[in-house]
Each structure stands twice: as C-alpha cells, then as structure tokens.
Amino acid sequence: MQIPTAKFKNGNSIPLLGLGTWQLTGKKCRDTVKTALEIGYAHIDTAEIYGNQKEIGASIKGFPREKLFITSKAWMKNLKFEKILKACKKTLAELGTDYLDLYLIHWPNKKIPIEGTLNAFAELQKQGLVKSCGVSNFTIRHLEEALPKAKSLGIEIANNQCEFHPHLYQKELSDYCTKKGIVFTAYSPLGRGNVLEDSAIKIAAKKYGKTPAQVCLKWVLQKGAVAIPKASSRQHLEENMLVFDWQLSKEDEKTIDLLNKNQRIIAPFFAEFEDSRNNFIGNIFK
Ligand SMILES: NC(=O)c1ccc[n+]([C@@H]2O[C@H](COP(=O)([O-])OP(=O)(O)OC[C@H]3O[C@@H](n4cnc5c(N)ncnc54)[C@H](OP(=O)(O)O)[C@@H]3O)[C@@H](O)[C@H]2O)c1
C-alpha cells in the first residue's frame with residue numbers, strides 16, 4: 001500500500017503516516033522496524049536521544065533507501081554549530097545512511113542562539129546530508145522568532161513536530177503552521193494509549209466499525225497533520241495503517257474536536273514552565 005504524502009515548501013514529500021520509535025530499543029526495535037517495513041511503512045521517526053538509531057540502521061539495511069523517509073532530531077544540548085554537525089554525522093553513521101530526509105531541533109533551547117543551529121542546517125543541506133530541516137516542540141512564539149532568521153539564512157523550516165491528539169488539539173499552533181507553509185506532525189497521536197480509553201472515541205469506533213486507535217489517527221489526519229504512532233505488535237502496526245480509505249463525517253470530527261482538554265502527556269508543564277524547561281525535559285528523558 002502506497003501511503004499518501006504531504007509536500008514541504010522545498011518540494012520534498014513526507015509520508016502522512018510514520019512509525020514512532022521512542023522507547024523501542026534493542027531487539028524489540030529491530031524486530032518492530034523490520035515488521036513495519038514488511039507491512040509497508042516507509043517513514044521512521046527517531047532521535048539521537050532515543051538510543052535506537054543503530055538498531056534502526058540494522059533493520060533498514062538492504063531496504064532501498066530512496067523508498068524510505070527517515071527523520072531524526074538533534075538533542076537540545078547539541079544545537080551549537082559544531083555540535084550539531086557532529087551530532088548529525090553520528091546519527092548518519094548509526095543509521096548507516098548517507099542522508100536524513102528530515103532533521104529537527106528536538107526541543108527549543110533558549111540558551112543556544114538559533115542562528116548557529118540554522119547555519120549548521122544550511123551547511124548540512126549544502127553537503128547533501130540532510131534533505132529538509134525543521135523543529136519540534138516549537139510554540140508560535142518560538143516560530144515567530146525562528147522564521148525570519150531562517151529566511152535571512154535561506155533555510156526553510158519545513159516541519160514542526162508537536163504533541164497532538166484529541167485531548168490536546170493544538171488548533172492555534174497547527175493552523176499557524178499551515179498558514180506559514182510548515183507541515184505539522186502529530187507526535188503521541190494516540191495520547192500514548194490514554195485517548196483510546198475515551199468513551200466518545202470508543203463510540204465513534206463502534207459506529208465506523210474501526211478501532212479507537214484508527215479513529216484517533218483518522219482525526220489527526222483529517223486535521224491536516226502527519227501522524228507518527230508508535231506500535232510494537234504486528235497487529236497494532238497493521239491496524240494503524242488502515243486509515244486512508246474511509247472518512248470521519250464532519251459532524252463526528254467536530255464531536256472529537258470537543259474532547260480537547262489541553263492535556264499534555266509529554267512534558268505536561270511545558271507551557272507553564274517554559275523558562276525552566278531545560279531542566280524539566282532533561283529529567284523526562286532520563
Ligand atoms: N518530538 C518529540 O519531542 C516527541 C515526543 C514524544 C514522541 N515523539 C514521537 O512520536 C511517536 C509516537 O508517540 P508515543 O510513542 O509517545 O505515543 P503514541 O504513538 O501516542 O502511543 C503509543 C502507545 O499506543 C499503543 N498503540 C499503538 N497502536 C495501537 C493500537 N492500534 N491499538 C491500541 N494501542 C496501540 C502502543 O502500544 P504497543 O507498543 O504495545 O503497540 C503504545 O503503548 C514516538 O514514538 C516518537 O517517535 C516525539
């Protein structure tokens with residue numbers, strides 16, 4: 001099955017569904033990625049901090065590189081010019097690939113001026129090591145600051161990857177990204193499994209003869225976002241792919257919009273404690 005794509009401003013495309021790999025490590029990661037490729041996944045989301053790039057590299061070995069879309073992310077301590085060049089090369093070596101399709105700033109870090117990071121992105125693109133660049137966990141304020149700087153350096157911020165699911169419908173942020181031509185990616189699109197327990201999601205699933213996970217993913221896709229659910233069983237992997245040949249009605253989509261609780265699962269105090277987020281996020285990933 002060919003997964004539909006969204007287009008970045010620079011003309012490159014990203015498959016609308018990818019495999020999230022946070023907390024997939026070791027043999028489990030190798031097996032899951034292999035199964036995903038067998039089933040037809042062509043988009044893998046990883047990050048240097050996930051500690052699984054070597055395993056992903058082992059699983060994609062022999063798979064035609066041009067048929068794969070790989071995203072990785074530079075950790076927030078590695079955003080200075082020299083460090084990000086080094087981090088990217090390490091990521092490429094671990095993955096056993098010559099280039100990344102998408103390289104993201106994992107979290108904003110106000111202690112490191114973004115100009116250096118963007119300059120490094122420009123250099124990585126010039127060297128052909130990265131096809132498209134973007135950000136993750138950027139709020140509108142972060143983007144307002146970054147976009148003019150990127151423009152002056154001739155860099156496109158192609159993508160913003162953020163937590164997004166029916167309990168955290170970041171409408172203002174996703175609309176802002178769309179307006180600016182930034183493709184929006186929903187991470188934790190199943191709310192790490194929590195949203196699947198919502199009775200309204202279960203009711204919709206029953207109505208459509210789908211599973212709660214499929215309803216969540218369909219809602220995310222209908223909002224114009226790319227979805228990167230993590231799944232580790234063949235059943236979940238297969239189920240999550242079956243979201244392209246049916247639609248939620250406008251009415252049901254709106255009902256799910258109303259489930260929003262502004263409930264963050266990842267870094268729940270991110271919005272409130274933005275100033276101290278470096279320490280906070282550091283703890284989360286320990
Ligand atoms: N940029 C960032 O800062 C950031 C932060 C968080 C996540 N991410 C990315 O986003 C990806 C996805 O987010 P996530 O891992 O936090 O959570 P998620 O994808 O919302 O949820 C994953 C959970 O849902 C379960 N699941 C998957 N498919 C299912 C199905 N069809 N039915 C029932 N349960 C199902 C999984 O169980 P099984 O494993 O048992 O299948 C797992 O427990 C991550 O893996 C990572 O790549 C990025």
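All of the numbers you see were taken from the coordinates with simple rules; none came from a lab. Note that the structure is a prediction, hence the values are computed from the model and not measured. Using ideal geometry, Cβ is built from the backbone for each residue, glycine included, and neighbour counts are taken over all protein chains shown.
If you put +1 on each Lys and Arg Cβ and -1 on each Asp and Glu Cβ, how big is the dipole of the chain around its Cα centre, in Debye rounded to 20?
440 debye
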request  = Report ³J(HN,Hα) in whole Hz for each residue of the range 47-58, in order, from the Karplus equation J = 6.51 cos²θ - 1.76 cosθ + 1.60 where θ = phi - 60°; Gly and Pro get x.
outcome  = 6, 4, 6, 6, x, 10, 5, 5, 5, 5, x, 5
query = So what's the projected area for the range 1-152, the Cα convex hull averaged over all directions, in nm²?
reply = 8.8 nm²
task = Using the structure shown, list the pairs from K83/K126; K9/K202; K61/K149 with a Cα-Cα distance above 29 Å, or answer none.
result = K9/K202; K61/K149
request  = Out of all DSSP beta bridges with both ends in the range 5-284, state the antiparallel percent to the nearest 5.
outcome  = 15 percent
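List the trypsin sites (Lys or Arg not before Pro) within the range 8-70 that fall in a DSSP loop (any state other than H, G, I, E or B) and whose Cβ has at most 15 other Cβ atoms within 10 Å.
Numbers: sites: K9, K27, K28, R30, K34, K54, K61, R65, K67; in loops: K9, K61.
Those that pass, being in a loop and sparsely packed, are K9, K61.
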remark   = Too long for a 24 Å Cα-Cα cut-off, among K28/K86; K131/K151; K111/K261; K27/K230, are K28/K86; K111/K261
query = Which ³J(HN,Hα) values in Hz, rounded to whole numbers, follow from the phi angles of the range 145-155 under the Karplus curve 6.51 cos²θ - 1.76 cosθ + 1.60, where θ = phi - 60° and Gly and Pro get x?
reply = 6, 7, 4, x, 5, 4, 4, 5, 9, x, 9
query = What Kirkwood hydrodynamic radius do you get for the chain when you take the inverse of the mean 1/r over all pairs of distinct Cα atoms, in Å?
reply = 19.1 Å
key: Under 19 Å from the K7 label point (7 Å along Cα→beta-carbon), backbone N, the range 219-262   = 224-226
inquiry  = Can you compute the radius of gyration and Dmax for the range 128-234, using only the Cα atoms, both in Å?
reply    = 15.8, 51
